[in-house]
Amino acid sequence: MTNREHHNKEYNNEYSNDKFQRAALQVTEAQGRLMPYAALLAQEAVPLHLSSGRYLAQSVAAPHPYPAFDRSSMDGFAVIAADTLAAGAPDTVWLEVIDVIPCGAVASREITAGTAARIMTGAQIPGGADTVIMMEATESRIEGGVTYVGISKPQERGLHITPCGLELSTGDPVLPEGALIGAGEIAVLAALGVPEVPVRRRPKVAVFATGTELLEVDEPLVPGKIRNSNSPMLEALIREAGGEPVMLGAIIDDLELARSKVQMALESYDLVITTGGVSVGDYDIMGDLVREQSGEMLFNKIAMRPGSVTTAAVRGGSILLALSGNPGACFVGFQLFARPVIGLMQGAAQPYLPEWTAVLGEDYKRVNSFTRYVRARLEIRQAVLYAYPAAVDESSVTVTIKDSDCLIVIPPDSGQLSAGDKVTVLKLPGEIRG
Ligand SMILES: Nc1nc2c(c(=O)[nH]1)N[C@H]1C(S)=C(S)[C@@H](COP(=O)(O)OP(=O)(O)OC[C@H]3O[C@@H](n4cnc5c(N)ncnc54)[C@H](O)[C@@H]3O)O[C@H]1N2
Ligand code: MOO
Ligand SMILES: [Mg+2]
């Protein structure tokens, strides 16, 4: 059956007004409807070295002080500060070197008045000593087989000693539940002896595109067709959000096909994301599919641009997020709805894009009746954050997605904004290209 025959079979004389009349929700309202269905996934333990990008499933407190012992921060000599008080007035004070303490060893003898131990950076301070004097500030001499260290200036008590518990005391909170694990978190977990990290399972996110016009990336262009760029974009976005993408390809605009694919995906995966066919066009099958099951649709219109047609439904407790086919709208729909769902499923404490304030770098004259999320480049000059809106920001535009560090939030009816005005921006993940 050709696509046109499908059209005749499925749609002739079947238009109903509710297809066109959709009640637009505010973004926060739509998020509020969707997020309760983002169910927390099961806990699992991952080896520490593989935990980067995951979210902690349990808070971590220090099981012991850190550092766990008083340690030397310099290569030098562990001494008793009081022994050095007379140094340089005018004579050098000479102390007998009774021990050598490499890193990883413990002293064999206590330091008593008139004695010192040669000690290396990171080694545990011997009992009795209260100061380390740097190697460079000393001289040495050997007399009768005994080594002496010469000190020509009085030393301050505690100098070059990192005290036990400087960073953490036993029981100190270190990382909260839901913290994103990165290199710094891995370092502290390693230091505290956590070889396996409790995290939530990564959600398996099924993705398929709808559109009879879609070609594979490696196919040559033919008249009227385009390459499917949203699926690879979504795959990358899902990975970036911590999900495990399951790519189910592209299907033609066929309601039956879409129905069975959605059903299979909802039964097999944690979240289903589709792109395309959510508006009110004749072949916008995802919009029809979501509407046909009463009670399952959460929303199909949002007071935002791009992405006003972003649609969500719940079936058997599982979320179907039907994003627009327009690349810009697909991208924004993902950032505002799919990203927090994927984050919440992993227990992320902060699943939404961070909200910053920036100064508009140039005038923004577009007037909107819906909140607009404008792709923009961020730049920091003289400690001020500027946001420069992309020159082309249409929902259908693909090329400026790559140039965006953030989305400027333009409230509805905010009038014409001028360079210098303060705006709220949603920071996109990654470096500021600046
Ligand atoms: N009468 C109306 N028409 C439209 C409305 C409306 O309210 N009334 N809304 C417009 C808005 S806003 C948007 S956004 C689009 C949404 O379109 P759909 O989500 O239904 O998406 P499609 O119709 O399938 O495609 C739109 C556009 O995107 C291209 N596309 C689709 N899939 C992909 C893909 N995987 N990779 C790259 N590009 C893709 C497709 O070829 C179309 O050009 O509807 C407006 N219309
Ligand atoms: O859904 Mo559209 O993206 O508002 O342009
Ligand atoms: Mg459409």
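The values are calculated or read from the model by the stated rules, or taken from the named source; none is laboratory data. Just so we're clear, the structure is a prediction, and the values are computed from it rather than from any experiment. Neighbour counts are summed over all protein chains in view; Cβ atoms, including those assigned to glycine, are modelled from backbone coordinates with ideal geometry. Areas reflect the complete protein model, heavy atoms only, side chains present, ligands, DNA and RNA absent. Shrake-Rupley method; radii C 1.70, N 1.55, O 1.52, S 1.80 Å.
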Ratio Rg/Rh, restricted to the chain and using Cα atoms, in which Rh is the Kirkwood radius: 1.21
Thr424 accessible area, assembled protein chains, probe 1.4 Å, Å²: 50
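Got the relative contact order for the chain handy, in percent, Cα pairs under 8 Å and 6 or more residues apart?
On the way: 998 pairs, mean separation 68.9, N = 434.
16 percent.
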Charge-dipole axis of the chain as Lys and Arg at +1 and Asp and Glu at -1 on Cβ define it, positive-most pick from Ser72, Ala57, Leu255: Leu255
Cα shape, segment 182-330, gyration tensor, a/c 1.5 rule: prolate
Built amide H within the under 5 Å cut-off of Leu175, gap 5+: Val60
Length-normalised contact order of segment 71-162 in % [C-alpha pairs under 8 Å, at least 6 apart]: 42
Sum of -39500 (n - 2.57) over DSSP H runs of 4+, divided by residues of the chain (222 nm, nearest 500): -5000 deg cm²/dmol
Probe 1.4 Å, protein heavy atoms only - accessible area per residue of the chain in square angstrom: 47
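Would you work out the charge dipole size for segment 355-427 about its Cα centre, treating the Cβ of every Lys and Arg as +1 and the Cβ of every Asp and Glu as -1, and quote it to the nearest 20 debye? Please list the in-between numbers first.
Numbers: 9 positive and 10 negative charges, 17 e Å.
Value, rounded to 20: 80 debye.
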Heavy atoms of Glu355 accessible to a 1.4 Å probe, total area in Å² rounded to 10: 140
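Compute the signed sum of charges (Lys and Arg +1, Asp and Glu -1) over the other residues within less than 14 Å, Cβ to Cβ, of Ala191. Before the final figure, lay out each step's value.
Numbers: positive: Arg71; negative: Glu167, Asp172, Glu185.
So the environment of Ala191 carries a net charge of -2.
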Carbon plus sulfur fraction of accessible area for the chain, probe 1.4 Å, in percent: 52
Calculated SAXS-style log₁₀ I(q)/I(0) at q = 0.12, 0.19, 0.25 Å⁻¹ - segment 71-162, Debye, Cα scatterers: -0.29, -0.75, -1.31
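If DNA, RNA and ligands are ignored and the probe is 1.4 Å, what is the ranking of His49, His160 by accessible area, most exposed first?
Details: His49 140, His160 45 Å².
Putting His49, His160 in descending order of accessible area: His49, His160.
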log₁₀ of I(q)/I(0) at q = 0.16 Å⁻¹ - segment 355-427, Debye sum with one point per alpha carbon: -0.49
